[in-house]
Amino acid sequence: MHRRLSLPPAALVLAGIGALFVALPVGALFIRAPWGSLGDALTAGGAATALRLSLIVSLCAAAISVLLGVPLAWLLARVEFPGRSVLRAIVILPIVLPPVVGGVALLQALGRQGIVGRWLNDALSIQLTFTTAGAVVAATFVSMPFVVLTVEAGLRAIDRRYEGAAASFGAGPAYAFRRVTLPLVAPQLAAGAVLAWARALGEFGATITFAGNLPGRTQTLPLAIYQLRETDAGGAIALSLLLVVISIAVLVALRDRVTGTR
């Protein structure tokens, strides 16, 4: 029989204030939403274009995050080398780094006058700033750490005897990774990919700093909301609600991965 624990009244009051502090702004969006014209606001030309671009950018960023993040997670989880903790800190830095700082860093690295961007522009005629590709780069920069963290945690948690058994039967490293390791960490990989996609979908600071806010090219949904709030508050609320609903859906779907509950 489970023993029921109770919190002191003061703790309950503080918990209620904390919950209200988060719930009140979100609830205000639902209260102030222009429900009568919600459909028109979501299907307006600029909003529809921004939504379509957001989906393209976020899906591309999530795919690149998985492609690069899974091998990086494996390296951090399975290979001992000097400076591994430093590399891990650098990889997850975008999670805590202010997004605008990330955008400035991307400019210094990949901008037209950046360390690598200058060479890309001069040698290959590739310019990332103020392009859709640049928006993908910015979104990938802030979202890939979620894949790395979740997959690395999954790799550290699995029983390595399964991989050893595969190797004892003659499976090569690549085959064992593809047929044994990846299926074992598939739940963590899926969670990381979805979190990366959701983070990329809501990216603002790095995108506007590195790629700009050009309608049809780099103006994703968060940037459209930022611009629309000056001229159409109702439309900005409607688009904000769309992102809120998507975010809630992601958190509910991944609740057992994020909070450990079902």
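For region 54-62, backbone phi angles converted through the Karplus equation (6.51, -1.76, 1.60; θ = phi - 60°) give residue-by-residue couplings of 4, 5, 5, 5, 5, 5, 5, 5, 5 Hz, Gly and Pro being listed as x. The trypsin sites (Lys or Arg not before Pro) of region 1-105 that DSSP puts in a loop, and whose beta carbon has at most 12 other beta carbons within 10 Å, are Arg3, Arg4.
Each of Val151, Ala133, Leu184 was scored by the projection of its Cα onto the charge dipole of the chain, and the greatest displacement toward the positive side belongs to Leu184; charges sit on the C-beta of Lys, Arg, Asp and Glu. The residues Leu107, Leu87, when put in order of fewest to most other Cβ atoms within 10 Å, stand as Leu87, Leu107.
Computed from backbone phi, the HN-Hα couplings of region 25-35 come to x, 5, x, 4, 4, 5, 5, 8, 5, x, 4 Hz, rounded to whole numbers (Karplus: 6.51 cos²θ - 1.76 cosθ + 1.60, θ = phi - 60°; Gly and Pro given as x). Oblate is the label for region 1-142. Its Cα gyration tensor axes, ordered a ≥ b ≥ c, give a/c of at least 1.5 and b/c at or above a/b.
Using a/c under 1.5 as the rounded threshold, could you call region 61-134 rounded, prolate or oblate? The axes a ≥ b ≥ c are square roots of the C-alpha gyration tensor eigenvalues, and prolate needs a/b larger than b/c, oblate otherwise. Taking the square roots of the gyration eigenvalues as a ≥ b ≥ c, region 61-134 is prolate. Taking the fewest neighbouring Cβ atoms within 10 Å as the starting point, the ordered list for Val142, Val137, Val96 is Val96, Val137, Val142. With a Förster radius of 45 Å applied to the beta-carbon distance between Leu120 and Asp159, the computed FRET efficiency rounds to 0.55. Applying a DSSP loop filter and a limit of 16 other Cβ atoms within 10 Å to the trypsin sites (Lys or Arg not before Pro) in region 163-233 leaves Arg217, Arg229. Quick check for me: using +1 on Lys/Arg Cβ and -1 on Asp/Glu Cβ, what's the dipole size of the chain about its Cα centre, in debye to the nearest 20? Computed charge dipole of the chain: roughly 680 debye.
For region 1-110, a crude dipole built from +1 on the beta carbon of Lys and Arg and -1 on the beta carbon of Asp and Glu, taken about the Cα centre, is about 360 debye to the nearest 20.
Computed from the Cβ-Cβ distance with R0 of 45 Å, the FRET efficiency linking Leu20 to Leu75 stands at 0.55. With θ taken as phi - 60° and the Karplus curve 6.51 cos²θ - 1.76 cosθ + 1.60 applied, the whole-hertz 3J(HN,Hα) list for region 83-99 is x, 4, 5, 5, 4, 4, 4, 5, 5, 8, 4, x, 5, 9, 6, x, x Hz, x standing for glycine and proline. Take the Kirkwood radius over Cα pairs of region 40-258, plug it into Stokes-Einstein at 4 °C and 1.567 mPa s, and you get 69 µm²/s for translational diffusion. Between the residues Gly172, Phe210, Leu51, the greatest Cα displacement towards the positive end of the dipole of the chain, with unit charges on the Cβ of Lys, Arg, Asp and Glu, is found for Gly172. Straightening the chain between Tyr175 and Ala109 buys 20.2 nm, computed as 0.36 nm per residue apart minus the Cα-Cα spacing.
Legend: ranking of residues Val13, Val91, Val70 from fewest to most surrounding C-beta atoms inside 10 Å; resulting order Val13, Val91, Val70.
Read the figures in this text as sums done on the coordinates, not as results from a lab. Everything numeric here is computed off the predicted structure, so don't read it as measured data. Neighbour counts run over all protein chains shown; Cβ positions are idealised from the backbone, glycine included.
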